[in-house]
Amino acid sequence: MTRRGAWPLWSLLAAQALLSVRLIGANTAFLDEGTYIWAGRVELWHALDGTSVPDYPAYFSGAPAIYPPLAGIADILGGLTAARLVSLAFMLGVTSLLWGTARSLFGRPAALAAVALFVAIGPTQFLGALATYDAMALFLLALSVRLVVAARGHDDSTPLLLAAAAALVTANATKYATGIFDPVVLAMAVLTSPRGAKAGLGRAGLLATLSVALIAALLDLGGPGYLAGLEFSTVARAEGTSCAALILADSARWTGVVIVLAAAGAAAGWRRRQRPGLLVALAGAGLLVPANQARIHTTVSLLKHVDFGAWFACIAAGYAVSLLGGARTGRQARCLAGVAVAAIIIVPAGAAGRAQALAFEGSWPDTTPVVAAFRALAREYPGPYLAEDQQVMGYYLEDELPWQAWTGTWYLSYREPGTAACVTGPTAGVSRAALRSSAVGKALVSAIRHRHYALILLDFGDTQAVDQVITAAIRRYRTYHLVAQVTGTDRLGGSRYLIWAPTPAARSPTGTSC
């Protein structure tokens, strides 16, 4: 592609960069950002001086050895802003790969419309300003697709398919949930074959064989911890409580315009007998995440995950928009008509996307006040500490408090004074009554009774049932007193943080973390 012919892509990339950059400094670290950047820093310390590392593989939803160290290095060099800029670079690469894929399959007008739609939606803008592994995983997934499509033009496609398999497996390892799109990539290997279905099946078979072999090798290298984390976070993820209608409605608000246009593109392709199977596969990819998350009734990470399916669906949507520009006109006229039609459709979608992305970035509280309050109290009350969503606090206080000082409200490990038994297990995801009657719930109450924690920080958000058990134990045993109330502001109305410290008592064993 000549520099002159690339101006639409460069213009859209510039617009995408501006839309994401405005969000980069809009808020403090999100829970996931604090989790993965902090983990990356710990992994780097481990590599440099042997610092002990938590059992990240057992519960992370992506391999802790891939994205977190990259985010940790960026954070060391330039803080949260630099880590978020890394995501922006990946998302600009994602958009460039969308242009190349759509242009190769359906022409330049379709590529223009596909990229414009992708840039316009809120999740794309948001992922470009979020320091999590989503942007990196989506880039690798898109790279795999681009290599598969490029392979169709080579007599010997094996090198490109090998590279595509490596990119696909690395995407899966970076974020396990990308595996839901592996069948789509395999289907594209079949449906883009220029030599018919039999040759396409051979291409897909080679890609699948290479991918399975690489995944098996990585799991063997990682050990049982990675397999446990894959099962816990993705394959056998616990069901949530959100109704399917809410999940589908949210997905429709964020990517509905893309899905509708993609469906129109699939229908047009079927009617025109122009790659109907491929267009159906691309449009269907946009429905995979909403359908899967509706199945398990969870909205966790939905606003990020839908962008993965939207990337595929934008190709079919771009094809639909390009048809509106006229199929029988000259090339230049068709391109100009495509620009006009794309603008008519995408400008209102872009306005909604900008508002949604800003709302996403403001959906968690500014933690600056609570971090300052906790920092001051920690000097008076040395750890250990119990904190809801402790990863954000740990990230901001990592130079002052080691990771071993923190316990979260999602998982407990505690040994009562005078006993040899260590009680461990998840505390979240069950009702208050079930938690109180469980062994891990009783251990949590015992830790409160014995004043095990130097400070307790709760915000009654993600783990409300656990918070209620903790506050009930505080009221019952009077072993803690409230020392601070801090309000964090967000666009949802604000969050209230409560911090307790132990009441004065004669020195006695408090138990240990184990």
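A few remarks follow.
- Here the label points at Leu482 and Ala359, each 7 Å from Cα along the C-beta direction, are separated by 3.2 nm in the simple model.
- For the chain, the longest principal axis of the Cα atoms and the long axis of helix 302-324 meet at an angle of about 10 degrees.
- The stretch 413-471: C-alpha pair distances exceeding 16 Å, %: 42
- When the stretch 446-486 is reduced to its Cα atoms, the Kirkwood hydrodynamic radius in Å: 10.7
- Share antiparallel - DSSP beta bridges, the chain, percent rounded to 5: 75
- The chain: angle of helix 108-120 to the longest principal axis, Cα-based, in degrees nearest 10: 20
- Each Lys and Arg contributes +1 and each Asp and Glu -1, all at the Cβ; summed about the Cα centre of the stretch 368-502, the dipole is approximately 680 debye.
- Leading residue at positive end of dipole, the stretch 368-502 (Cβ point charges), from Thr419, Phe460, Gln404: Thr419
- Rounded to the nearest 20, the size of the Cβ-charge dipole of the stretch 51-207 about its Cα centre is 540 debye, with Lys and Arg at +1 and Asp and Glu at -1.
- Rg ratio (alpha-carbon, reference 2.2 N^0.38 Å) - the stretch 368-502: 1.01
- The chain, relative contact order [Cα under 8 Å, separation at least 6], %: 15
- Counting only DSSP beta bridges with both residues in the stretch 368-502, the antiparallel share comes to about 70 percent.
- Footprinting exposure proxy ranking of His450, His305, fewest other C-beta atoms within 10 angstrom first, gives His450, His305.
- Given charges at beta-carbon only (K, R positive; D, E negative), |dipole| of the chain in Debye: 1720
- On Cα atoms only, tilt of 368-380 relative to the major axis of the chain in degrees: 30
- Fewest neighbouring Cβ atoms within 10 Å first, the residues Lys304, Lys442, Lys175, Lys198 line up as Lys198, Lys442, Lys304, Lys175.
- Sites Arg379 and Thr158, calculated FRET efficiency, Cβ-Cβ separation with R0 60 Å, nearest 0.05: 0.45
- Scalar couplings 3J(HN,Hα) for the stretch 34-45, obtained by applying the Karplus form with A = 6.51, B = -1.76, C = 1.60 to θ = phi - 60°, are x, 4, 7, 5, 4, 4, x, 5, 4, 4, 5, 4 Hz; x denotes Gly and Pro.
- Residues Glu400, Glu33, ranked from the fewest to the most other C-beta atoms within 10 Å, line up as Glu400, Glu33.
- Fully extending the segment from Ser52 to Asp462 would add 144.9 nm, taking 0.36 nm per residue of separation and subtracting the current Cα-Cα distance.
- Relative contact order [Cα under 8 Å, 6+ residues apart], the stretch 1-91, whole percent: 29
- Computed from the C-beta positions of Ala421 and Trp10, the FRET efficiency with R₀ = 60 Å rounds to 0.40.
- Ala244-Ala439 FRET efficiency (beta carbon distance; Förster radius 25 Å; 0.05 resolution): 0.15
- Percent breakdown of C-alpha pair distances by 10 Å bin, ordered from the shortest bin, for the chain: 4, 18, 27, 24, 15, 8, 4, 1, 0
- Burial order of peptide ranges 109-120, 460-471, 428-439 (average beta-carbon count within 10 Å, highest first): 109-120, 460-471, 428-439
- Between the stretch 438-484 and the stretch 38-77, the alpha-carbon center distance in angstrom: 29
Just so you know, all these numbers are worked out from the coordinates, no wet-lab data involved. Just so you know, these numbers come straight off a predicted model, no measurement behind them. Because the Cβ atoms are built from the backbone with ideal geometry, glycine has one as well, and the counts that use them run over all protein chains shown.
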